[in-house]
Amino acid sequence: MSAFDEPHRASTRSHSSHDADRLQFRPPWRRSRRALFAGLFASTAALGIWAMFQILYVGGITPLELVILGLFALTFSWIIIAFWSAVIGFVLTLCRRDPVTLARLQPAKPPSDAQSRTALVMPIHNENIDGVITGLEATCRDLPADTPQRQLEVFVLSDSTDDAIVEQEHLAIGALQRRLDGVCQLHYRHRDSNSGRKAGNLGEFCRRWGKRYDFMLVLDADSVMSGSTVSALIDAMEANPRLGLLQTVPIPVHQQSLFGRANQFAASLYSPMLAAGLSFWHADAANYFGHNAIMRTEAFMAHCGLPQLPGSPPLGGDILSHDFVEAALMRRGGWQVQMQTDLDGSFEEMPSHILDYAKRDRRWVQGNLQHLRLLGGHGLHPLSRLHFLFGAFAYISSLVWLSILVISTADALIRAIAEPNFFTSNAQLFPDWPIAPPPLIMPLLGGTLAMLLMPKVLGMCIAMIRRPRAFGGRGRLAISVLLESLFAMLIAPLMMVFHSLFVINVLSGRTVAWDPQSREGRAVAWREAWRHTWQASLVGLAWAGVTWWYTPVFFWWLTPVWLGLMLAAPLIRFSSSLKFGRRLRRAGLLLVPSETSPPEVLRAQLACEGVADGERPWPPPQEQPGEMPEQNFGAPRGDTTARGMS
């Protein structure tokens, strides 16, 4: 019996017994703000699609143009979602309003008699233990001290399969335990199997120790979190008994290359504002990124036991992007899933160059495309279905964009090569002169470009008003925004090609190994850069040559595309340069708050010594086993209607 056919298991908590809690802690005007966002989206989309139709419908519309219109509707709608989320997030951030409660931002106030025990868990798999130890030790040393009302323990959950790495983990964790003796309780557990990958690793922890803890704060191997942020997350969970999962906005740190610094700058400047806008209409049905988030262990164990998808990989087997699914299952179980956008002590690292970044995306493409199979899952909240759809379309949109460009080029070439015929009948006295398109091309192009750039402009405005010195001052901030925007525009065609190929590979049945993510900064060699991009560069060169020869006007419209493809190898090479990135930092460009005024936890991370030989780690604490039933996405037997969630 497959996971889609099993009867749905009931929640371990009674929903009717929490009606008072639901009313007290339910975010206000949820339906109204979702209706507002839907209205803004629909009206903007209708206006843009109508304008595009009027441009194409000149003397009739061809099948190619109909395809272009449909693909344009998809990409234009995708742009609109980001645009209006940014605008709403800008207003909320400027007014210092909580995007979920809409009240003035203020710390959560748990009950005076609240008591809790929290486990900070860090799953690792064949990681560079030196990088793990430095971030983990800094986080542990920044944690608040235990009290009778609040206790914190830390777990490193290893399912590494390389014996040499496992041995390094034993010695490094053992040494760290002794350094932290009296500071915090650090535990280590290694399981021999990697079944279920990260979700299986966390599930095994929950089944063995989950009932020991009220909350579980999940960190990635590269995560760093300040003690004040940990305390704020626990406060929020204690203050709202209906809150099942609370996600922070992790900000990249420690980037040295141009590519890494540009992404770090963009995330620092724009991500909290965009997250606030999304949280406004997500309300209590937000998403989960898989790390730097806290969850109620009881809710996670009751609702987040993942099944295997029927069929073989890449679209079957283990659910790879488990985080979206766990958030959806928790929301289906009646628990709130929210995002905390105002905490500034949640950090992570990221790949330092385009090739490693693309490799990480290749894994995510496979995981997110699996979610399309879950869109019809029984009882899921409508916004959870949207998260599944948006997660997949984040990569499918590249294939859609590429299709628009290819079809538009074909249409332009057909028009340029075909001989004009102004007399369609032998008895025709006057010619059929071509009808000029309505003057909507430039307004539509300008409006689309404005919506693409508006999140950057709004993020810059907030920084200019709130903390310009944190980004190097107003002048350097403006130059940095321009530099990051230009760089993003140049690498966009290459990422479009990469993502399109990834989507095609997954849909054609090719799978990929989910190996540890590379986080080490390094300059990519010319040979490696050319090996991965020579085909794209040839396509860009041919594309430019053909359009220049037959339709020069269209050639200039395509300049950002063919130029980005032709420069793919140099872009990869120079954007990976650590020297170039450091020169930009010395010049005060692409600076971020974690560099200009680093918090204590990041300073401590850089000061940590890393791996040191030690004794074997201490045994983990006594187990308190609990059930974590496997969930399903099919309707219960005899039930043909999906259970709606308000």
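The values are calculated or read from the model by the stated rules, or taken from the named source; none is laboratory data. Quick caveat, the model's predicted, so the values are computed rather than measured. Cβ: placed from backbone, ideal geometry, glycine included. Neighbour counts: every protein chain shown. Areas reflect the complete protein model, heavy atoms only, side chains present, ligands, DNA and RNA absent. Shrake-Rupley method; radii C 1.70, N 1.55, O 1.52, S 1.80 Å.
Summary table below
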item	result
Modelled label reach - Trp50, point 7 Å along Cα→Cβ, region 74-93 residues with backbone N closer than 18 Å	74, 76-77, 80
Between region 185-224 and region 450-487, the alpha-carbon center distance in angstrom	39 Å
Nitroxide proxy distance, nm - points 7 Å out along Cα→Cβ at Arg510 and Trp556	3.9 nm
DSSP bridge pairs, the chain: antiparallel proportion in percent, nearest 5	30 percent
Net charge contributed by nearby residues that have their C-beta within less than 9 Å of Leu269 (K/R +1, D/E -1)	0
Using a Förster distance of 35 Å, the FRET efficiency for Glu630-Asp163 (Cβ separation, nearest 0.05)	0.70
FRET efficiency for Ile414 and Ala35, using Cβ-Cβ distance with R0 set to 25 Å, rounded to 0.05	0.05
At least 27 Å along the helix axis (C-alpha) and Kyte average at least -0.5, DSSP helices within the chain	30-56, 63-94, 258-282, 382-417, 441-466, 474-507, 526-550
Taking region 331-397 and dividing mean pair separation by its residue count, relative contact order in percent (alpha carbons under 8 Å, at least six apart)	35 percent
At R0 = 41 Å, FRET efficiency that the Cβ-Cβ distance of Ser312 and Val539 yields, to 0.05	0.80
Long-range HN-HN contacts of Glu348 with modeled amide H, under 5 Å	Val224, Ile251, Val253
Taking the C-alpha atoms of region 60-201, convex hull volume expressed per residue in Å³	222 Å³
Order by protection proxy (mean Cβ within 10 Å, highest first), peptides 459-465, 309-315, 276-282	276-282, 459-465, 309-315
Rough spin-label spacing in nm, given labels placed 7 Å along Cα→Cβ, for Arg467 and Lys579	3.3 nm
Order of exposure, largest accessible area first, which applies to His381, His170 with probe 1.4 Å	His170, His381
Computed helical MRE - 222 nm, the chain, DSSP H runs ≥ 4 contributing -39500 (n - 2.57), nearest 500	-18000 deg cm²/dmol
Label-zone membership for region 176-208, site Glu600, 7 angstrom Cα→C-beta point, backbone N under 18 Å	180-185
Cross-link partners of Lys211 among lysines (Cα-Cα below 21 Å; sequence separation of 8 or more within a chain)	Lys198
Net length gained if the chain between Cys608 and Cys95 were fully extended (0.36 nm per residue, minus Cα distance)	180.8 nm
Sequence ranges 554-561, 86-93, ranked by mean other-Cβ count within 10 angstrom, highest first	86-93, 554-561
Mean accessible surface per residue for region 238-387, computed with a 1.4 Å probe while every protein chain stays in place, in Å²	21 Å²
Debye log10 I(q)/I(0) for region 561-603, one point scatterer per Cα, at q = 0.14, 0.25, 0.30 Å⁻¹	-0.50, -0.87, -0.97
Student exercise, the chain dipole from Lys, Arg, Asp, Glu Cβ charges, in Debye to nearest 20	1520 debye
Asp344 accessible area, 1.4 Å probe, all protein chains in place, Å² to nearest 10	120 Å²
Region 125-250, relative contact order [Cα under 8 Å, separation at least 6], %	34 percent
Computed over the chain: relative contact order in percent, which uses C-alpha pairs under 8 Å that are six or more apart	24 percent
Separation in nanometres of the label points that stand 7 Å from Cα toward Cβ, at Lys211 and Ile441	7.1 nm
Difference of contour (0.36 nm per residue) and Cα-Cα distance, Trp530 to Leu482	14.5 nm
